[in-house]
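A short reminder: the numbers here are calculations on the coordinates, not readings from a lab. Fair warning: this is a prediction, and the values are worked out from it, not measured in the lab.
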Amino acid sequence: MLLLIVVVAGLSVAIATYYATQRVSNVAEVARISRFSRAPRLSDRSWLATFVEPFAPVVERYMPGHYLAQIRERLRMAGYYGAKPFQLYLGSQALLAVLFAFVGALFGGRLALIDAVCAGAFGFMYPSLWLGAKVRKRQAAIENVLSDSVDLLTACVEAGLGLDAAIAQLVRRQSANFEAINHEFMRYLQELQVGLSRPEALKHLAERCGVEDLRQVVTALIHGDALGVGVSQILRAQTQHLRMRRKQRAEERAMKAPIKILFPLLFGIFPSIFVLVLGPAAIQLLDAFGGRLH
């Protein structure tokens, strides 16, 4: 079991390090803001990719097409683009499944076969759990700064800039809190440079992020552009709506807090209080009714 924990921890750190190298540096992209025609490039091939990627064709061959399409979509939502992260993900699934199955069979005893199957299934699903956490974290980061970003876009548009020029101005913010949404805006500008229309690029932006609030902003911009409504009016209305939504989410989290605190109180704090408060009284009752502890 200790060996399994060490191996899983080592592989998790290695895979997370590799994926971290695939992210495009926001500072570097801002320095090249005038050259959007070239898409972000992945880093050089690492030892982890050389070791894991040969297992990817095995999974890709036997998995259905809709499963592979879902993986690609989730990788895009997590901010990983291109073929290398996709191959690494599939290879990690195959490698972890074999490794977990081997360890489960080795320490399974009489139920070695059942333990191997269960451990292999968990190893195969482990990258999916890790990727799901990455997607949720990135979507939360985009959702938290979306209202401020739209507010800044509104100020730029009202100052006389067009929507695309306002977005280019927005991505120059080098704050770490805006890294995820700035990266998606940069990809939007890149798609405009390669010839996509604004509605198509906006739709791709909403699909890549998977954030409902951003999808509503994109829908309003597309419909407003089709109907001839001013961009500043649309952004101003969306800013008010986003701030109201953020306030509602904060109130919702505040209402859930007592329920989340209930279980730590019941199983962690209350037993200790009961021992401290009722312990002496229980000892006195035992002594009063003739029971002796010694």
Straight-distance crosslink candidates among lysines, where the alpha carbon sits under 21 Å from residue 134 and sequence neighbours closer than 8 are dropped:
84
Quick one: plug the Kirkwood hydrodynamic radius of the range 52-105 (C-alpha pairs) into Stokes-Einstein at 10 °C, 1.306 mPa s, and report D in µm²/s.
137 µm²/s
Run down the lysines and flag those whose C-alpha is under 22 Å from the C-alpha of residue 247, throwing out any fewer than 8 positions away in its chain.
137, 256, 260
Over all directions, the average projected area of the alpha-carbon convex hull for the range 74-118 comes to how many nm²?
3.5 nm²
Using 10 Å bins from zero, what percent of all Cα-Cα pairs in the range 89-230 falls into each bin?
11, 30, 22, 13, 13, 8, 3, 0
